[in-house]
There are 2 protein chains.
Amino acid sequence: MRICLTIDYVGTAYAGWQVQPGQTTVQGALETALEKLTGEKIGVVASGRTDAGVHALGQVVHFDTDKTWGASAFVGGLNRYLPRDIRVLTAEQVAPDFHARFSAKRKTYVYRMYVGDVERAIYSGRALRVEPLDVDAMQRAAARFVGRQDFASLCAANADTTTTERTVYVADVFARGDELYFKVTADGFLYNMVRIMVGLLLRVGRGQLSADGVAAILAARDRTAARDTAPAHGLYLLCVEYENRGTDRAAT
Amino acid sequence: MRICLTIDYVGTAYAGWQVQPGQTTVQGALETALEKLTGEKIGVVASGRTDAGVHALGQVVHFDTDKTWGASAFVGGLNRYLPRDIRVLTAEQVAPDFHARFSAKRKTYVYRMYVGDVERAIYSGRALRVEPLDVDAMQRAAARFVGRQDFASLCAANADTTTTERTVYVADVFARGDELYFKVTADGFLYNMVRIMVGLLLRVGRGQLSADGVAAILAARDRTAARDTAPAHGLYLLCVEYENRGTDRAAT
């Protein structure tokens, strides 16, 4: 039986999603909880990795189990064994060919910032402090990310990927009180792509780069063209969308 | 020289504000940082204590020092020695008769909730999970808190206080997305008063108590009348207002 979970986590205490020897990771914590709950050694597959310090509000994972429990049993069951900074939000049975990574159609990330002169404890590890920025200019520049484009310029130089073409559906910058958000939806993201987008937008917000400058960096298709990568701790994987997760949609 | 600080903190890791033997407290952390910075043993006075797990976005404290540095030196200086979950936001020199507690005119607390079926990691220790509630009814009930009243019914039974009369200036319940807030401003609060108010409002939101019922509980002036105290971790001290902090208003 294949089960699909939606989970959220605060990434601060973790060396990212993926299991690594000697490191505390979100995947490791989830697999440990699954073994405690089911007695089975179960590997989980996520929609994608998140780096150390990155958070998720709606990460999606799947795994296979011999248990024939109703899917919702995995919500309360896993939450009993998981640390408080990882929670299972929903669980559903899916078709055997559902795959959290390969079936994903769209992903949305949010990058969270706050405007201020000094660091605030409440945002520690959860949002990037920024100086006052030109939000309108950032919004105009973000619009240049939208569309089917080659994002080679927004990819970490060491990333291993076959194609650097992606479709960005939405790229918005907006303020809410003291907080500033960049929200971006695409059919997929290159390694560090969102954090490099934010790095560019911060330069725009400071008046150091224009929207045309952003377009020129994109057009260069050069992995060394955009080298300001915003810190991990402002980044949140908001949600992952699928066409159809298969059978039983009932959850929690 | 008397210095007044505004600080924020995430209360999760602390046994409240006040120094207690063998416990990690916010006051203790601040006094330790002050000693490291100045070489002086300095006691700090806050606008009021906060309980274990309660947060502050704008706690105000004062202390006296022999140093003749500009006040703003205390912002960066203390932040170097403080843990990341406590930050100094502003520092200013104040008149020698300024007192963080006795000079305070109004305080505002916010209680943060989120509506959901399951706990979310992102809110762990930071907001109370609630079921869907009747927000309009809660807002109508909250209005009954406003005014000069005897709040004996909203005071922890073991609290040591001379008078239980207080003036509530603002008491609002409002939703923002999945989140629900109760915001209350008064000239002072009895022990656990905000958390007991929230306990009452939650009963109202569930349809178990009416606004008139809240008024009747207030009128009873009975410390055992309202015994549902909402958990500490949703509570934030938002700000403390003073008529005049005295001399040098320049900060950070």
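Overview of values
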read-out	value
For chain A: rounded, prolate or oblate by the Cα gyration tensor [a/c cutoff 1.5]	prolate
Within 10 Å of each Cβ in A:73-82, the average number of Cβ atoms from other chains	1
Inter-copy spacing of B:Asp66 label points, which lie 7 Å from Cα along Cα→Cβ, given in nm from shortest upward	7.4
A:Tyr14 long-range amide H proximity, modeled H, under 5 Å	A:Gly53
By average C-beta atoms within 10 angstrom, highest first, the peptides B:113-124, B:44-55, A:64-75	B:44-55, B:113-124, A:64-75
Theoretical FRET efficiency, 1/(1+(r/R0)^6), r = Cβ-Cβ of A:Arg148 and A:Asp228, R0 25 Å, to 0.05	0.55
Cα gyration tensor shape of segment A:52-184, rounded if a/c is under 1.5, else prolate or oblate by comparing a/b with b/c	oblate
Cα gyration tensor, the protein assembly as shown - rounded (a/c under 1.5), prolate or oblate	oblate
Label distances, nm, B:Val170 versus same residue in remaining copies, Cβ-directed 7 Å point	3.0
Volume in Å³ per residue [convex hull over Cα atoms, computed for segment A:3-43]	82 Å³
Segment B:151-194-segment B:62-110 distance, computed between alpha-carbon centres (Å)	25 Å
Per-copy distances of the B:Ser210 label point, shortest first, in nm (7 angstrom along Cα→Cβ)	6.7
Cβ-derived FRET efficiency at R0 45 Å, B:Thr162 paired with A:Phe174, nearest 0.05	0.35
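Every number in this text was worked out from the coordinates using simple rules, so none of it is lab data. Computed from a predicted structure; not experimentally measured. As a convention, Cβ positions derive from the backbone with ideal geometry for all residues, glycine included, and neighbour counts pool all protein chains shown.
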